[in-house]
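Report on the following structure.
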Amino acid sequence: MTLNARIPDGPLTEKWDKFKDHCKLVNPTNKAKHTILVVGTGLAGASAAATLAEQGYQVKSFCIQDSPRRAHSIAAQGGINAAKNYPNDGDSVWRLFYDTIKGGDYRSREANVYRLAQISNQIIDHCVAQGVPFAREYSGLLTNRSFGGAQVSRTFYARGQTGQQLLLGAYGAMMRQVAAGRIELFPRRELLDFAVIEGQARGIVVRNLLTGAFERYAGDAVILATGGYSNVYYLSTNGKNSNVTAAWRAYKRGALFANPCFTQIHPTCIPVASEFQSKLTLMSESLRNDGRVWVPKKAGDKRKANDIPEGDRDYYLETRDPTFGNLVPRDVASRNAKQVIDEGRGVGKTGLAVYLDFRDAIASQGKDAIAARYGNLFDMYQRITGEDPYEVPMRIYPAVHYTMGGLWVDYHLMSTVPGLFVLGEANFSDHGANRLGASALMQGLADGYFIIPYTLGDYIATSDMEPVETDHDAFGEAEASARARTLKLLSIQGDKTVLRFHQDLGQLIWNGVGMSRSRKQLEQTIADVRSLRAEFWQNLLVPGEANTLNKNLEFAGRVADFMELGELMARDALAREESCGSHFRSEYQTADNEAQRIDEQYSTAAAWKYTGDEQPPERFSEPLTFENVKLTQRSYK
Amino acid sequence: MKINLSVWRQENSQSDGSFYNYTIENVQSDLSFLELLDMLNEQLMAKGEIPVEFDHDCREGICGSCGMMVNGQAHGPQKKTAVCQLYMRNFKDGDTVTLEPWRATAFPVIKDLVVDRSAFDRIVAAGGYVSVKTGSAPDANAVLVKKTDADQAFDYATCISCGACVAACPNASASLFTAAKISHLALLAQGNPERKQRVVKMTQQMTAEGFGDCSNHGECQAVCPKGISIDAIAQMRREYIRTKLPFG
Ligand SMILES: Cc1cc2nc3c(=O)[nH]c(=O)nc-3n(C[C@H](O)[C@H](O)[C@H](O)COP(=O)(O)OP(=O)(O)OC[C@H]3O[C@@H](n4cnc5c(N)ncnc54)[C@H](O)[C@@H]3O)c2cc1C
Ligand code: FES
């Protein structure tokens, strides 16, 4: 199978315009005859649903939560990038493109990333027009900050709640179309399967999470914007309902899954405190602008932080790299934290933390200045940990935060199943092996507001499609299989709960496919995940009934899919015999412990094809060619 | 520590509900309140009982999914804190904690602590947005917005739509929720053209959903996890009056 990314010809800077100039359009009066099923209402799904409805399509929108506005995007904190160059500090579309390609360690497509950078500015214009209250200067102009070590200030933000404000903008736009009768909302629904008819995605089967009923919806295209799969690790910064189920069901229906091992571990999260810890809370990485990361020099030093004199502290990031210091990229910061913790120098009750200390920043800039910048984050930290970060250093630990991998899509954002489009974090497209801060919001909104309206139109205008009804056999078969699987979960009646299985799985994946990976451990992980999965199907306990609100049943289905995904992640990590970005194979490192890329062999996207439950999946490669940037070895010493 | 819970259990919107008592041992103070409920559910399942249903997602106070009355207070005892961000260090060994769903005609109970808040979506659909089509916006800096207005608009825009304001209000009014959206958009130039119809339509919808009127009790602002000020309601009233003025 060759993967055709359908990248338009011509110079990089003209590809998207050329595409838009030449793509086929759907006659405005015909649009209302086309039903588009949009699954997911995060930034990607909400923006797509709203825009397609504005254009005149009939949209059906599905989400797990009780309201579209509660999608996980709501939790994004730090901001959204754009190449506006309002601060006049040298930013440009080219520079944003370049930083994103380089940040992704040269494992993404030039054409996609360039388009993303081009669109970034329009996103800000649109969101401001919607009433998103971005931070402003006293002049009334928008303000920016530098984020995640970028050398320009290109991040727009709404205090620490940027995702919330952007999502409410997109949600408002959706609700306007709901009122206009062009979007029909289906909240508290979970996609469990697809109807693929004559090779095209033509419908979905969802479970109504309140009644347990299986419902069928037909359409002319299906858009998946169902987010990322960080929850495979059990503990992550994602919302509890975030899952891989929709993407996994698509994989099983023929959509290829790309780069599943590219998962981002964020260095600044609040550490685990208890056995029942259910999620991890991110502390914005803007904190690293003023906080200094350190651990005691001696292993096992149990003194209180403030009792440890300067000479006994190791500001390990600053020593490693005097230029970037505490602002090294996420994966470097995370890996270094792991290293000092493995050396026994971790702090706090569990030893699974490092300090992030504001003492010096408070001394030099004053408490008020620090409070003005980070007050809400400090309050949040205090609420969760019971400690006052103005007095004692914060304790932080890395946590899984974002998944760059996802369903393979071409330049049109279409998967290998015609008519099945994938947007936002659910696809693999733009971030390569590592995502830069404030770029996920940008990508989700670029996909939904500005890309899919063109590429979907082109698909509809150029495809032959007979009308389909939900009594078609393909729906019957999809529903029967979704139902059987759901009932199977209930029927096992073993004695181990979903939560326990999920914790066990999380531990395996965290140890095996976490911050550092090795052949031996990956092979072990594959075996361990397989045996855990076997145990799951024999000994799972799901209480209650199928025909009512039963969250344990919902979670069981998601964990079942995570059990399969976990194995694929380990296979992908094993097959990629190099280190790049977030994927650090201990066998492939430079003399100063940096990721060692092997470009000749692995300058590719790996895309996996499902071949049956009993057979191993097949791996395909999409070669990545770089015509516009020169590949360099990243060096943050 | 040991915590006694008295939890409202109700099978569905038609059935009657009642309180059930449970005891949980070995509760750590670092546990969040929802993690306490996770613990309870593990305990119930181990005994072959049906777990308690409650809505949750982000568990960091931003999605607005969670919400319940904790000892008669919406989201519990800590100010400006959604129940998912409430930690057990706020409780003492041996405490008895009563949990109930939001109570309001417009929020029918679905099961246990889960209620139907879709009325909020319909209030927003009535006009809680700026009618701008994708692709039609001017440059983001073309319209200046005073920083103080932008900041205040943000304060109103932080509403998470959890419904605590309704649950705490003796009249079960949705005024704080509705007013927060109206005020957010009224403060911005971008929201200006539609401000008249917005306030009219949204307040009409609020009434149609069966929410009560506001009689200035102020309970809503006291329980709001985002600390949204009741000034929003005053602003909403001013917006309403403007619609009656010839040049407003
Ligand atoms: C704490 C945190 C902070 C972040 N901060 C930033 C930041 O500052 N800047 C930045 O750029 N990025 C940030 N990110 C990343 C960013 O928030 C996400 O990548 C992005 O919001 C994902 O958006 P999405 O639309 O793709 O998916 P989501 O917002 O995850 O939405 C998924 C949608 O799909 C639905 N869904 C899922 N599965 C199913 C199913 N089976 N059936 C039906 N519906 C389903 C859900 O209900 C939901 O509506 C942050 C992430 C986290 C966790
Ligand atoms: S679970 Fe999201 S606000 Fe509480």
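Restricting region A:271-294 to residues that are more than 16 Å from A:D379 (Cβ to Cβ) and facing chain B (nearest Cβ under 9 Å) leaves a set whose member that is farthest from ligand 1 (Cβ to nearest atom) is A:E275. Among the criteria (1) more than 12 Å from every other protein chain (Cβ to nearest Cβ); (2) touching a helix residue (DSSP H, G or I) at 6+ places or on another chain (Cβ under 8 Å), the one B:V124 does not fulfil is (1). State yes or no: is A:I204 open to solvent by 10 Å² or more (accessible area, probe 1.4 Å) and among the aliphatic types (A, V, I, L, M)? In short, no.
Here is a yes/no grid of residues against (1) surrounded by fewer than 19 Cβ atoms within 10 Å (Cβ to Cβ); (2) free of Cβ contacts under 8 Å to residues at least 12 places away in the same chain:
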position: B:K2; (1), (2): yes, no
position: B:S6; (1), (2): yes, no
position: B:F19; (1), (2): yes, no
position: B:M39; (1), (2): no, no
position: B:M45; (1), (2): no, yes
position: B:G61; (1), (2): no, no
position: B:P77; (1), (2): yes, no
position: B:T81; (1), (2): no, no
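If you filter region A:431-484 down to residues that are within 14 Å of chain B (Cβ to nearest Cβ) and of a type in the set (S, T, Y), you find that the one that is nearest to A:N238 (Cα to Cα) is A:Y449.
The listed residues are A:A258, A:A305, and the only one of them that is over 15 Å from A:P393 (Cβ atoms), touching a residue at least 12 places away in the same chain (Cβ under 8 Å) and away from every other protein chain (no Cβ under 14 Å) turns out to be A:A258. Being under 29 Å from A:K102 (Cβ atoms), away from chain B (no Cβ under 14 Å) and open to solvent by less than 30 Å² (accessible area, probe 1.4 Å): is that true of A:M563 here? No: the conditions fail for A:M563. Select from region A:307-334 the residues that are open to solvent by 30 Å² or more (accessible area, probe 1.4 Å) and under 26 Å from the mean Cα position of the chain (by Cα) and write down the one among them that is nearest to A:N434 (Cα to Cα). Taking the candidates together, the pick is A:L327. Test A:G344 against the stated conditions and say whether it is buried (at least 16 other Cβ atoms within 10 Å of the Cβ) and on the phi > 0 side of the Ramachandran plot. In short, no. Taken over region A:486-502, the residue count meeting the criterion of being surrounded by fewer than 18 Cβ atoms within 10 Å (Cβ to Cβ) and under 27 Å from the mean Cα position of the chain (by Cα) is 1. Comparison of A:Q151, A:Q77, A:Q65 shows that the only residue that is at pLDDT 95 or above, more than 19 Å from B:A140 (Cβ to Cβ) and part of a loop (DSSP other than H, G, I, E, B) is A:Q65. The condition (being under 24 Å from the mean Cα position of the chain (by Cα) and not in a helix (DSSP H, G or I)) is satisfied by just one residue among A:K60, A:K33, A:K102: A:K60.
I'd like the full set of residues that are at the interface with chain B (Cβ under 7 Å from one of its Cβ atoms) and touching an Asp or Glu at 6+ places or on another chain (Cβ under 7 Å), limited to region A:61-71. Steps first, please.
Of the residues in region A:61-71, the ones at the interface with chain B (Cβ under 7 Å from one of its Cβ atoms) are A:65-67, A:69-70.
Matches in region A:61-71: A:Q65, A:D66, A:S67, A:R70.
Do we find that B:T158 is facing chain A (nearest Cβ under 7 Å), in contact with a Phe, Trp or Tyr (Cβ under 8 Å, 6 or more places away or on another chain), crowded, with 17+ Cβ neighbours inside 10 Å and over 19 Å from B:D213 (Cα atoms) in this structure? For B:T158, the condition - facing chain A (nearest Cβ under 7 Å), in contact with a Phe, Trp or Tyr (Cβ under 8 Å, 6 or more places away or on another chain), crowded, with 17+ Cβ neighbours inside 10 Å and over 19 Å from B:D213 (Cα atoms) - is not met.
When region B:83-110 is filtered for residues that are within 15 Å of ligand 2 (Cβ to nearest atom), open to solvent by less than 10 Å² (accessible area, probe 1.4 Å) and either more than 19 Å from A:S274 (Cα to Cα) or not in a loop (DSSP other than H, G, I, E, B) (or both), the ones remaining, listed by number, are B:V83, B:C84, B:Q85, B:L99, B:P101, B:W102. Might you check whether a residue that is among the acidic types (D, E), assigned to a strand (DSSP E or B) and not assigned by TED's automatic domain parsing to the domain that holds A:H583 occurs anywhere in region A:126-146? No, region A:126-146 contains no residue that is among the acidic types (D, E), assigned to a strand (DSSP E or B) and not assigned by TED's automatic domain parsing to the domain that holds A:H583. Restricting attention to region B:8-17, the residues that are within 13 Å of chain A (Cβ to nearest Cβ) and open to solvent by 80 Å² or more (accessible area, probe 1.4 Å) total 2.
Would you call A:S153 away from chain B (no Cβ under 14 Å) and either farther than 30 Å from A:Y411 by Cβ or surrounded by fewer than 24 Cβ atoms within 10 Å (Cβ to Cβ) (or both)? In short, yes. Tell me yes or no: at least one residue of region B:48-69 is part of a loop (DSSP other than H, G, I, E, B), away from every other protein chain (no Cβ under 12 Å) and away from ligand 2 (no atom under 12 Å from the Cβ). Checked region B:48-69: no residue is part of a loop (DSSP other than H, G, I, E, B), away from every other protein chain (no Cβ under 12 Å) and away from ligand 2 (no atom under 12 Å from the Cβ). Whenever a residue of region B:229-248 is more than 23 Å from B:C159 (Cβ to Cβ), its partners that are not in a loop (DSSP other than H, G, I, E, B), lying with C-beta atoms within less than 6 angstrom and at least six residues away or across chains, give the pairs B:G248/B:R242.
Among the residues that make up region A:160-174, is at least one of them at negative phi and not in a helix (DSSP H, G or I)?
The initial filter retains those residues of region A:160-174 that are at negative phi, namely A:160-174.
The next check asks that each one be not in a helix (DSSP H, G or I); those that pass are A:160-161.
Scanning region A:160-174 turns up at least one residue that is at negative phi and not in a helix (DSSP H, G or I).
The condition of being touching a Gly at 6+ places or on another chain (Cβ under 6 Å), facing chain A (nearest Cβ under 10 Å) and of a type outside the set (K, R) holds for only one of B:V115, B:V145, that being B:V145. Kindly provide the set of residues from region A:447-478 that are open to solvent by 30 Å² or more (accessible area, probe 1.4 Å), under 19 Å from A:V196 (Cβ atoms) and in a helix (DSSP H, G or I), ordered by number. If the condition is that a residue be open to solvent by 30 Å² or more (accessible area, probe 1.4 Å), under 19 Å from A:V196 (Cβ atoms) and in a helix (DSSP H, G or I), then A:T462, A:D473, A:E477 are the ones that fit. Has region B:113-131 got at least one residue that is surrounded by 21 or more Cβ atoms within 10 Å (Cβ to Cβ), under 12 Å from the mean Cα position of the chain (by Cα) and of a type in the set (V, I, T)? Within region B:113-131, one or more residues are surrounded by 21 or more Cβ atoms within 10 Å (Cβ to Cβ), under 12 Å from the mean Cα position of the chain (by Cα) and of a type in the set (V, I, T). Residue selection: B:G191 fails the criterion of being part of a loop (DSSP other than H, G, I, E, B) and either over 12 Å from the mean Cα position of the chain (by Cα) or within 29 Å of B:A140 (Cβ to Cβ) (or both). Screening the candidates A:A426, A:A461, A:A484 for the property of being at pLDDT 95 or above and under 24 Å from A:L96 (Cβ atoms) yields one hit, A:A426.
The values are calculated or read from the model by the stated rules, or taken from the named source; none is laboratory data. Just so you know, these numbers come straight off a predicted model, no measurement behind them. Every residue, glycine among them, receives a Cβ derived from its backbone with ideal geometry; neighbour counts consider all protein chains shown. These accessible areas exclude ligands, DNA and RNA; they are computed on the full protein's heavy atoms, side chains included. Shrake-Rupley method; radii C 1.70, N 1.55, O 1.52, S 1.80 Å.
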